[in-house]
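Worksheet: one structure, shown below.
Read the figures in this text as sums done on the coordinates, not as results from a lab. Everything quoted here is computed from the prediction, not taken from an experiment. Note: ideal-geometry Cβ built from the backbone for every residue, glycine included; neighbour counts use all protein chains shown.
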Amino acid sequence: MKIAAIQMVSGPDVAANCATAEALLTRAAARGARLACLPEYFCLMGHQDSDKLAIAEADGDGPLQTFLAATARRLGLWLVGGTIPLHASQPGRVRNACLVYGPAGQRVARYDKIHLFAFDNGREAYDEGRVLEAGDTPVAFDADGWRVGLSVCYDLRFPELYRALMHPPCDLLLVPAAFTYTTGEAHWSLLLRARAVENQCWTMGVAQGGRHANGRRTWGHSMVVDPWGEVGACLPEGAGVVLGELDASLRDTVRSRLPALAHRKV
């Protein structure tokens, strides 16, 4: 199955971001992709964290969800909608939700980001817990016979989440993200390759990548990593499409020659 990472440089205009996403998804479908994933916050990179509250939707109802469902149906894609803000149980907070739609436009999965990013190096500081409410449940789904595990950005640093997704083993782990330039330069590729090697499956990092209107710079480098840890296509910066191919024979060869998944003790 051909898969596509949609890299973006989203800004504060939701309509413009959706138009860019649709154009890139259309390009991916035209190039043969069967599954495509948008980046974290594809719909909005606002001037402040609280901007997410203004566009938050109720689960199952809202223009962003309608857009994702309609686009999946129009293009006949398994569409992983990066993340959008959905109303949370706590006032003044939202869930950073990754929604998945099948080729007929039906919703097949929802994953809420579990690990909330915090970072302060004295020059730049982030604390997602000010606005986000954390999820608590790992989620995987089946697409054309392939098992796909969901995660978001900072989750990538927590290997126990991916181990929880390996019952039964996934074929593909998705990581829509908005890694900062600082942390991405240091760790993005390293962590994606580690998760692929540990779990002997593909990982696809789907990133925001560039200088945003709010002044933030994201790392980009959307990429597809195979079960042996080899990096295929990669887009360093800017909006675009990165394609990869799931190959059952490669997966089976890696797992049979080095049966690490069968050797797990804890």
(request) Please determine, in degrees from 0 to 90 and to the nearest 10, the orientation of helix 248-257 with respect to the longest principal axis defined by the Cα atoms of the chain, where the helix direction is its Cα long axis. (result) 60 degrees
(message) Need the full-extension length gain, D127 to E230, defined as separation in residues times 0.36 nm minus the C-alpha distance. One decimal, nm.
(response) 33.8 nm
(request) Could you tell me the distance between the Cα centroids of the stretch 66-113 and the stretch 190-252, to the nearest Å? (result) 21 Å
(request) Give the calculated FRET efficiency between A16 and D247 to the nearest 0.05, with a Förster radius of 41 Å applied to their Cβ-Cβ distance. (result) 0.65
(request) Report the local net charge at T183: Lys and Arg +1, Asp and Glu -1, summed over other residues whose C-beta lies under 15 Å from its C-beta. (result) -3
(message) With +1 assigned to the C-beta of every Lys and Arg and -1 to the C-beta of every Asp and Glu, and no other charges, what is the dipole magnitude of the chain about the Cα centre in debye, to the nearest 20?
(response) 460 debye
(request) Find which of M166, A104, A260 sits farthest along the positive direction of the dipole of the stretch 2-263, computed with +1 on the beta-carbon of Lys and Arg, -1 on that of Asp and Glu, about the Cα centre. (result) A104
(message) Between Q90 and T66, what is 0.36 nm times their sequence separation minus the Cα-Cα distance? Round to one decimal in nm.
(response) 6.2 nm
(message) For the chain, give me the percentage of DSSP beta bridges that are antiparallel, rounded to the nearest 5 percent.
(response) 65 percent
(message) Which of R195, R257 has the fewest other C-beta atoms within 10 Å, and how do the rest follow up to the most?
(response) R257, R195
(message) Suppose only helical runs count, i.e. DSSP H with n ≥ 4. What mean residue ellipticity at 222 nm does that imply for the chain under -39500 (n - 2.57) per run, divided by all residues and rounded to the nearest 500 deg cm²/dmol?
(response) -8000 deg cm²/dmol
